[in-house]
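Have a look at the structure below before the remarks.
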Amino acid sequence: ELKVEQNPLFLSMQEGKNYTIYCNYSTTSDRLYWYRQDPGKSLESLFVLLSNGAVKQEGRLMASLDTKARLSTLHITAAVHDLSATYFCAAPANTGNQFYFGTGTSLTVIP
Amino acid sequence: DTEVTQTPKHLVMGMTNKKSLKCEQHMGHRAMYWYKQKAKKPPELMFVYSYEKLSINESVPSRFSPECPNSSLLNLHLHALQPEDSALYLCASSQVPHSNLAGVKQYFGPGTRLTVT
């Protein structure tokens with residue numbers, strides 16, 4: 001079974017600071033997904049990364065993928081309170097639509 | 001319309017009950033998914049339907065029985081559940097990947113919070 005690990009599991013950061021969440025996965029997948037989940041809510045798709053070297057940015061979040069290292073990063077720039085949530089990465093198995101989620105990173109941005 | 005709807009929002013059932021969870025989407029997606037999510041844990045894939053046929057069953061106990069009556073609807077029939085089955089059940093949909101190299105964006109419903117007593 002594909003394993004997907006994230007670190008840190010918990011992240012508390014001050015507003016205005018930068019930080020990076022890491023996602024390591026165990027197969028040769030060249031696709032990687034990032035999701036956001038607010039407490040008690042469903043998941044929202046943030047980024048779909050489809051190739052080695054892919055970089056996508058939306059607002060204060062930027063995601064990248066290094067398939068050789070089997071590593072994806074989610075970089076947060078100048079954090080604001082609204083970014084407080086749990087962030088999951090997910091990698092697909094070879095079938096394409098069999099997704100395995102990482103352990104999640106619970107982010108709290110402190111004013 | 002980029003919405004996936006799920007009913008009911010909350011469900012409390014006894015271990016001898018039979019109930020069903022429903023999921024609906026009108027985005028023309030032909031892949032639909034059931035996930036189970038326990039508190040503070042990641043979603044776990046349960047079932048995948050592609051073109052209304054069950055394509056993936058992640059060794060889910062038979063007390064969970066999925067059904068895809070048409071391309072817009074996905075059901076999860078529940079029978080003789082255990083208290084440890086209490087969780088948030090999420091439905092999602094996406095386009096079917098045209099190859100195992102393609103990426104697909106999943107759209108998640110709001111979930112059904114299930115409590116088994």
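The values are calculated or read from the model by the stated rules, or taken from the named source; none is laboratory data. This structure is a prediction, so every number in the text was calculated from the model and none was measured. Quick reminder, even Gly has a Cβ in these numbers, built from the backbone with ideal geometry, and neighbours come from all protein chains shown.
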Query - Hey, residue B:49 buried (at least 19 other Cβ atoms within 10 Å of the Cβ), under 14 Å from residue B:31 (Cβ atoms) and not hydrophobic (A, V, I, L, M, F, W, C) or not - result: yes
Requested in this report: Return yes when residue A:90 is away from chain B (no Cβ under 14 Å) and touching a residue at least 12 places away in the same chain (Cβ under 8 Å) and no when it is not.
Outcome: no
Query raised in the report: Among the residues of segment A:80-90, how many are over 14 Å from residue A:38 (Cβ atoms) and buried (at least 22 other Cβ atoms within 10 Å of the Cβ)?
Result: 2
Query raised in the report: Restricting attention to segment A:37-64, which residues are within 11 Å of another protein chain (Cβ to nearest Cβ) and surrounded by 14 or more Cβ atoms within 10 Å (Cβ to Cβ)?
Result: A:37, A:41, A:42, A:43, A:45, A:46, A:47, A:48, A:49, A:50, A:54
Query - Those residues of segment A:40-51 which are under 21 Å from residue B:9 (Cβ atoms) and modelled with pLDDT under 90, in sequence order - result: A:40
Query raised in the report: Residues in segment B:83-93: is at least one in a loop (DSSP other than H, G, I, E, B) and modelled with pLDDT under 95?
Result: no
